[in-house]
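Reading through the structure tokens given below for one structure.
The numbers here are math on the coordinates, done by the rules we state, and not lab data. Because the structure is predicted, anything quoted here is derived from the model rather than measured. Virtual Cβ from ideal backbone geometry, glycine too; neighbours counted across all protein chains shown.
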Amino acid sequence: MAEVKAKALTEEFRADEVLPKPKSRVKEFVKKFVKNKAAVVSLIFILFLVLVAFIGPYIVPYDAAAPDYTSLLQGPTKAHLWGTDEYGRDVFSRLLVGTRLSLGVALSSVLVGTALGVILGLFAGYYGGILESIVMRGCDVLFAFPDILLAIAVVAIIGPGVINVMIAITVFTVPSFARIMRSATITAKQALHVEVARSLGCKNSRILWVHIFPGTIQSMIVNFTMRIGTAILAEASLSFLGYGANVTEPDWGAMLSQSRNYLNTAPHLVLFPGVLIFLTVLAFNLLGDGLRDTLDPKIK
């Protein structure tokens, strides 16, 4: 008996040596992701912005709202790295404080839009019928308008303000997630494990959230990342047009709007907010591209 056990252990040990150990999916993802240098740099920049959004108001060198009438429209100096605005307020401090507002509005809007789109697309793809027709025709109507034009129309109807800007961004975020989720659900519900779950008598709610939804997260992550960049641009555009944050608030778009009158005399007022918006949107787009290339099994 002892010889049989020893022989079995020896064979198991040899099998462990011959058979390759399964690779960790997380390690595989990280290994593939770090090869995309642009995506890695973008992720570091975004994490830095998130950190600034949390601690920015506490580390700024000047009060972002306090005017200084002895330093009106100064260019970049040692005292004011990015210059001052028409009230003598430090531009660098205002941009740091405004990071929380701009990122917060964009992230919150996309999160709500994603949740609504996922629910609508999941139910439309799984149940089909009239529900699917209503959801998809509604998405087609919203897709007929460019995102920024649709957002302007929404805030024009419900009025200006940060909350209304979030609602407007949410409205044009929902259709893209609903359509992606609907297509992914139609494909997933035909999978073998879903058929087995259905044959075993699992409830539809369990099939939806346990067996179908986890398989669609991959495509949602990529779209979610890219939509944040779009939302930041839309929020800045609406604030620039006067529909978003109050002009007295340190918002990137509102700062750009106020700077139009001083384009020739103080170009730094346009340069620094504009570059920051450009780099932020670019970072989210590059990160989305990197995640797509990493998560897509067809791309090696």
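Structure above, values below:
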read-out: Volume in Å³ per residue [convex hull over Cα atoms, computed for the chain]; value: 205 Å³
read-out: Inter-part distance where region 76-91 and region 133-206 are each reduced to a Cα centre, Å; value: 44 Å
read-out: Angle between the chain longest axis and helix 268-295 axis [Cα atoms, degrees, rounded to 10]; value: 10 degrees
read-out: Net length gained if the chain between VAL40 and ALA144 were fully extended (0.36 nm per residue, minus Cα distance); value: 34.0 nm
read-out: Net charge contributed by nearby residues that have their C-beta within less than 13 Å of GLY121 (K/R +1, D/E -1); value: +2
read-out: Volume per residue of the C-alpha convex hull in region 157-252, rounded to whole Å³; value: 114 Å³
read-out: 3J(HN,Hα) from dihedral phi, region 165-176, Karplus parametrisation 6.51/-1.76/1.60, rounded to Hz, x for glycine, proline; value: 5, 4, 5, 5, 5, 4, 4, 7, 7, 4, x, 5
read-out: Proximal charge balance of LEU101 [Cβ under 10 Å; K/R count +1, D/E count -1]; value: -2
read-out: Under the Karplus curve 6.51 cos²θ - 1.76 cosθ + 1.60, θ = phi - 60°, whole-Hz ³J(HN,Hα) for region 34-51, x wherever Gly or Pro sits; value: 5, 6, 8, 5, 5, 5, 5, 4, 5, 4, 4, 5, 5, 4, 5, 5, 4, 4
read-out: Simple label model, 7 Å out from Cα along Cβ direction - ARG137 to PHE48, nm; value: 5.0 nm
read-out: Tally of Lys pairs whose C-alpha atoms are under 14 Å apart, taken over the chain, 8 or more apart or cross-chain; value: 8
read-out: Table column - 3J(HN,Hα) (Hz), region 84-98, Karplus curve with 6.51, -1.76, 1.60, x for Gly and Pro; value: 10, 9, 5, 10, x, 7, 5, 5, 4, 5, 5, 5, 5, 5, x
read-out: Charge tally in the Cβ shell below 13 Å around TYR69, where Lys, Arg are +1 and Asp, Glu are -1, TYR69 excluded; value: -2
